[in-house]
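Right, one structure below, let's go through it.
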Amino acid sequence: METNTNTKSHSILSYITWIGWIVVLCIRDKEDEVVKHHLNQSLVINLAATIVNIISRVGGVVGTICGILSLCIFVFWIIGIVRAAKLSTEPLPVLGGIQLIK
């Protein structure tokens, strides 16, 4: 697998909030499949976190369930960053099968 010098930094940066994701989307090499993979994975994580955060505003039992889901999303985020640092394209558990960026 041939990668350029920015692949690792772009892959990791894509997981750092929505701002990092947008920056990498704009400056990435369009042919780099590793960065594209991590952009997709981080988009799924960011969307899941945003949705869970909005739903958690309900409170009560729903809020508690959303708190647990937020913890799971945090773990997926850490796994994604570690895999980006290793330039791995292995999909994340549960969320990895969702392809939003073709």
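The values are calculated or read from the model by the stated rules, or taken from the named source; none is laboratory data. Quantities reported herein were computed from a predicted structural model and do not represent experimental measurements. With ideal geometry, Cβ positions are generated from the backbone for all residues, glycine too; neighbour counts draw on all protein chains shown. Accessible surface areas use protein heavy atoms only, side chains included; no ligands, DNA or RNA. Shrake-Rupley method; radii C 1.70, N 1.55, O 1.52, S 1.80 Å.
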message: Suppose we keep only residues that are surrounded by 12 or more Cβ atoms within 10 Å (Cβ to Cβ) and small (G, A, S) within region 68-102. Which one would you say is modelled with the lowest pLDDT?
response: G96
task: Would you mind stating whether K30 is open to solvent by 90 Å² or more (accessible area, probe 1.4 Å), of a type in the set (D, E, K, R), at pLDDT below 90 and not in a loop (DSSP other than H, G, I, E, B)?
output: no
- request: State whether one or more residues within region 14-21 are touching a Lys or Arg at 6+ places or on another chain (Cβ under 9 Å), polar (S, T, N, Q) and not in a helix (DSSP H, G or I).
  value: yes
task: Among what's in region 1-24 and is within 15 Å of A84 (Cα to Cα) and among the hydrophobic types (A, V, I, L, M, F, W, C), pick the residue that is most open to solvent (accessible area, probe 1.4 Å).
output: M1
query: Does L95 fit the bill of being among the hydrophobic types (A, V, I, L, M, F, W, C) and part of a loop (DSSP other than H, G, I, E, B)?
result: yes
message: Looking at the structure I just gave you, is K102 without any contact (Cβ under 8 Å) to a residue 60 or more places away in the chain, more than 14 Å from the chain's Cα centre (by Cα) and closer than 18 Å to L13 by Cα?
response: no
